[in-house]
1. Of the residues F248, F220, F238, which is among the aromatic types (F, W, Y) and within 18 Å of F63 (Cβ to Cβ)?
2. So E283 fits all but one of (1) closer than 25 Å to N125 by Cβ; (2) at pLDDT below 95; what number is the exception?
3. Give just the number: which of (1) under 20 Å from W145 (Cβ atoms); (2) without any contact (Cβ under 8 Å) to a residue 60 or more places away in the chain does P279 not satisfy?
4. If L294 meets every condition in (1) assigned to a loop (DSSP other than H, G, I, E, B); (2) exposed (fewer than 15 other Cβ atoms within 10 Å of the Cβ) apart from one, which number is that one?
5. Give me the residue from the range 85-130 that is among the polar types (S, T, N, Q) and in contact with a Gly (Cβ under 9 Å, 6 or more places away or on another chain) and, out of that set, surrounded by the fewest Cβ atoms within 10 Å (Cβ to Cβ).
6. Considering only strands (runs of 3 or more DSSP E) fully contained in the range 1-78, which possess at least 1 residues that are within 16 Å of the chain's Cα centre (by Cα), within 21 Å of G200 (Cβ to Cβ) and in contact (Cβ under 8 Å) with a residue 60 or more places away in the chain?
7. I'd like to check something: does the range 64-76 contain any residue that is within 27 Å of G138 (Cβ to Cβ) and at pLDDT 95 or above?
8. β-branched (V, I, T) and in contact with a His (Cβ under 9 Å, 6 or more places away or on another chain), is that true of T286?
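The values are calculated or read from the model by the stated rules, or taken from the named source; none is laboratory data. Just so we're clear, the structure is a prediction, and the values are computed from it rather than from any experiment. Using ideal geometry, Cβ is built from the backbone for each residue, glycine included, and neighbour counts are taken over all protein chains shown.
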Amino acid sequence: MDTQIRGLHHVTAMTSSAEKIYRFFTDILGLRMIKKTVNQDDIATYHLYFTDDAGSAGTDMTFFDFPNIPKGTKGTNTISRTSFRVPSDASLEYWLNRFNEKNVEHGEVKERFRKKYFEFEDFDNQRYQLISDEKNVGVAGGTPWKNSNVPAEHSIIGLGPAFVTVQNLKHMRLVLEDVLGFKATGQDGDFYQFEIGEGGNGATIIVEHREDLPLAGEGFGNVHHLALRVADVEALQFWIQKINELEFPNSGFVERFYFESEYFMAAPGVLFELATDGPGFLEDETYEHAGEILSLPPFLEPKRQEIEDFVRPFDTSDANQKRA
């Protein structure tokens with residue numbers, strides 16, 4: 001049985017506007033919205049999935065738009081920044097120019113752990129970075145979306161290192177190394193790098209140790225949880241048993257239809273998920289029309305009319321059109 005954690009699966013964050021995040025991720029970042037559904041635990045809330053062309057695990061950032069939640073506050077004890085991989089150092093220059101043209105707030109190119117990167121934010125002050133794969137080895141990237149308006153040689157090809165900011169570095173290190181099997185591979189000031197499996201940008205968590213910051217407050221503009229990849233349900237059951245034996249607060253087995261998972265509190269304010277690579281996002285939609293209408297897992301399908309009457313109308317009929 002292959003129980004090895006394979007890398008990053010997805011990051012789920014909160015947004016103030018499903019419509020605006022749809023436009024930001026497709027029109028500006030050039031990612032594909034492969035699934036428009038609802039939060040399976042809160043049907044008043046959209047759940048949008050942005051991926052590469054094929055909906056590959058490890059390329060996926062998702063968003064909830066919980067009604068009436070406050071804006072999140074920055075601080076410690078939180079998943080604090082999401083990275084996206086681009087093919088080369090030259091790609092970073094392309095994106096700097098693109099963000100200048102699109103009025104996206106961003107920093108300048110820097111280097112950490114021998115990789116070049118720069119940071120940027122969206123309209124909610126959600127924190128991201130673009131990181132170059134030029135010197136990267138390890139987990140392979142995804143496939144650029146064929147209808148993107150970003151040239152393939154500069155397209156986002158997957159998730160890069162996820163950042164976790166914590167007060168208690170000793171505890172976070174224990175969870176990553178002794179429980180999950182990550183290896184410490186570098187330190188740069190307050191930043192500690194951990195890699196899993198094949199390693200590289202697609203299998204890295206960077207822990208920032210900060211005792212001088214206030215506790216982060218949950219809300220839009222912040223990350224909700226970070227998911228890690230496992231091969232299949234058999235591997236997931238192995239991890240569920242281990243998490244239970246260690247008495248981490250956890251959800252137990254959860255059937256999400258597009259994948260199976262378990263959620264557990266890795267540290268105060270830090271929610272991790274373990275998620276299977278499959279079956280994937282095209283179980284109930286065709287490649288050609290994915291994301292155009294509201295998709296519901298089988299257990300919610302009988303409630304379709306009720307859900308469609310309840311959630312705000314949100315037109316994504318152009319989800320598969322070539323971006324200008």
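1. On the way: F248 fails: within 18 Å of F63 (Cβ to Cβ); F238 fails: within 18 Å of F63 (Cβ to Cβ).
One residue alone meets the criteria, F220.
2. With respect to (1) closer than 25 Å to N125 by Cβ; (2) at pLDDT below 95, E283 is out only on (1).
3. (1)
4. Unmet for L294, out of (1) assigned to a loop (DSSP other than H, G, I, E, B); (2) exposed (fewer than 15 other Cβ atoms within 10 Å of the Cβ): (2).
5. Residues of the range 85-130 among the polar types (S, T, N, Q): 88, 91, 97, 100, 103, 125-126, 129.
Of the ones still in play, those that are also in contact with a Gly (Cβ under 9 Å, 6 or more places away or on another chain) are 125-126, 129.
On the way: N125: 13, Q126: 23, Q129: 20.
Taking the candidates together, the pick is N125.
6. Numbers: elements: 7-14, 32-39, 42-51, 60-64.
The strands (runs of 3 or more DSSP E) meeting that bar are 7-14, 42-51, 60-64.
7. Initial filter on the range 64-76 (within 27 Å of G138 (Cβ to Cβ)): none.
No, that holds for no residue.
8. Values: β-branched (V, I, T): yes; in contact with a His (Cβ under 9 Å, 6 or more places away or on another chain): no.
For T286, the condition - β-branched (V, I, T) and in contact with a His (Cβ under 9 Å, 6 or more places away or on another chain) - is not met.
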